[in-house]
Amino acid sequence: MTEKAAKKERASRVAMPEQKPEIRKRNFEEVPTGYTVAMAQEEAARCLQCKKPGCVDGCPVSVDIPGFIDLINQGDFTGAIRHVWSKNALPAVCGRVCPQEIQCEGKCIVGKRGEPVAIGNLERFVADWERENGTGALPPRAASTGKKVAVVGSGPSGLTVAGDLIQKGYEVTVLEAFHKPGGVLVYGIPEFRLPKAIVAQEINFLERQGVKVEVNAVVGRTVSLDELFEEGYEAVYLGVGAGLPRFMNLPGENLIGILSANEYLTRANLMKAYRYPDVDTPIPRGKNVVVLGAGNVAMDSARTAMRLGADSVKIVYRRSRDEMPARAAEIHHAEEEGIEFFLLTNPTRFKGDEKGRLTGMECLKMELGEPDDSGRRRPIAIKGSEFHMDTDLVIVAVGSGANPLLTQSTPDMQLNKWGYIVADPETGKTTKKGVWAGGDIVTGAATVILAMGAGRKAADSIHQYLTWGW
């Protein structure tokens, strides 16, 4: 191979093998099947080992990305995963669901002349390799401080705090309201994107380090924050997410056949409804399914509906493709699987039959005007563009809000006008002494890795507080 040909070849990343769309659209098995050792080392060799790596700056938890990639290139996969663990307690999760294209990979120098190094795929590779071939050895842990910390919520933010603090020598207990730990990782993200066995193994890794996990613990109902302090906890971290469903308040929204993406995905993922009747959880199934919204949750809902046997699945979104908030990879996968996109379209009311069941939806075509407060161009209705869309199942995926279950029981903790907890963006400190918060309950719905970044900052602040005081 000539030097010119080699340079051209290095401009393209090693593609990760995937299930074919016509096969995967009807099963819940993971879509990408992972790198082989040879693939991982070939991709790792594309890294330039920059002296000032932009990829690290783009990582919310500051993983030494060139460091672990260099170890992969050398064939030291054990060293590579330990390198990642020093900053990230959930690499198998992050390698699968993080938006690397706008974070670490978005700042990769290699990406300036071709495709960026596939950092997410390599992170997934070393995590999977360790799980399948590793010794099970744990990272080092500091001597016990004898101090107890409670973490409320077992999503990515809470698990990050637990992992950081257990290594710093604290006794950590994670309190989860559901019957299984994992938060949005288990109730919100489908099996075909993030297998629940992967999440369980990541949590087991934390438990083996000493983290205690208590399920069916609804803080704010079964126990208050003040009672946690009375039980001997010296600090509390709130990582409860923002899982309150939002609807559009349109006429006919109470018809049978309209439900939130939160309920739909929780039934399918956490409660395994896709295995019904082998499991006891039913789930509404439609032939002509419409999903309202165009974020990752909408893509997950649409792709789940297709796998549950729908004849057609449509994404209805009031803006254009350029404004769609979902990851490009998720949009691409949805299109490959036959999901239809009705862009610049907005529902105005729902129609039903005499039994109160959904039969269709009235819509308006839209055009884009000037940018709104979000920076995206505001959709404006086109007069006279009304049309009807047949549907027997609508899944509303237009965002979520702060669940007031915990905050209503804590009147001495400040909230903003939307009901989210007010916390210092650099430390996670709330207005209640000894209480920190981070992730979606502070920022509103965001990404897994941003929630983890908030957890990392809060864990450092908690450590400082328990060492030197508030």
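General observations
- The set of residues in region 266-289 that are surrounded by fewer than 24 Cβ atoms within 10 Å (Cβ to Cβ) and in contact (Cβ under 8 Å) with a residue 60 or more places away in the chain comprises Thr266, Leu270, Tyr274, Pro284, Arg285, Gly286, Lys287, Asn288.
- Looking only at region 221-239, and only at residues there that are in a loop (DSSP other than H, G, I, E, B) and at pLDDT 95 or above, the one that is most open to solvent (accessible area, probe 1.4 Å): Glu231
Condition check ((1) open to solvent by 10 Å² or more (accessible area, probe 1.4 Å); (2) basic (Lys, Arg); (3) assigned to a helix (DSSP H, G or I); (4) under 19 Å from Arg193 (Cα atoms)) across all residues:
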| residue | (1), (2), (3), (4) |
| --- | --- |
| Lys52 | yes, yes, no, no |
| Glu130 | yes, no, yes, no |
| Ala150 | no, no, no, no |
| Leu165 | no, no, yes, no |
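- Region 191-220, residues that are outside any helix (DSSP H, G or I), crowded, with 21+ Cβ neighbours inside 10 Å and touching a Leu at 6+ places or on another chain (Cβ under 7 Å): Leu194, Val219
- Screening Leu292 with (1) open to solvent by less than 10 Å² (accessible area, probe 1.4 Å); (2) in contact with an Asp or Glu (Cβ under 8 Å, 6 or more places away or on another chain) gives one miss only, at (2).
- Verdict on Thr443 being touching a Gly at 6+ places or on another chain (Cβ under 8 Å), surrounded by 15 or more Cβ atoms within 10 Å (Cβ to Cβ) and of a type in the set (Val, Ile, Thr): no
- Selection status of Val117, open to solvent by less than 20 Å² (accessible area, probe 1.4 Å), touching a helix residue (DSSP H, G or I) at 6+ places or on another chain (Cβ under 6 Å), among the hydrophobic types (A, V, I, L, M, F, W, C) and assigned to a loop (DSSP other than H, G, I, E, B): yes
- Taken together, Ala40, Ala89, Ala80 contain a single residue that is under 25 Å from Asn204 (Cα atoms), among the hydrophobic types (A, V, I, L, M, F, W, C) and open to solvent by less than 10 Å² (accessible area, probe 1.4 Å), which is Ala80.
- Output for region 101-135, where each listed residue is polar (S, T, N, Q) and farther than 9 Å from Cys55 by Cβ: Asn121, Asn133, Thr135
- Single residue of Asn403, Asn416 found to be over 25 Å from Ser86 (Cα atoms) and modelled with pLDDT of 95 or more: Asn416
- When region 66-77 is filtered for residues that are in a helix (DSSP H, G or I) and either open to solvent by 50 Å² or more (accessible area, probe 1.4 Å) or closer than 20 Å to Pro116 by Cα (or both), the ones remaining, listed by number, are Pro66, Gly67, Phe68, Ile69, Asp70, Leu71, Ile72, Asn73, Gln74.
The values are calculated or read from the model by the stated rules, or taken from the named source; none is laboratory data. All figures in this text were calculated on a predicted structure; none of them were measured in a lab. Cβ sites come from the backbone with ideal geometry, for glycine too, and all protein chains shown count toward neighbours. The accessibility values were calculated without ligands, DNA or RNA, using every heavy atom of the protein model including side chains. Shrake-Rupley method; radii C 1.70, N 1.55, O 1.52, S 1.80 Å.
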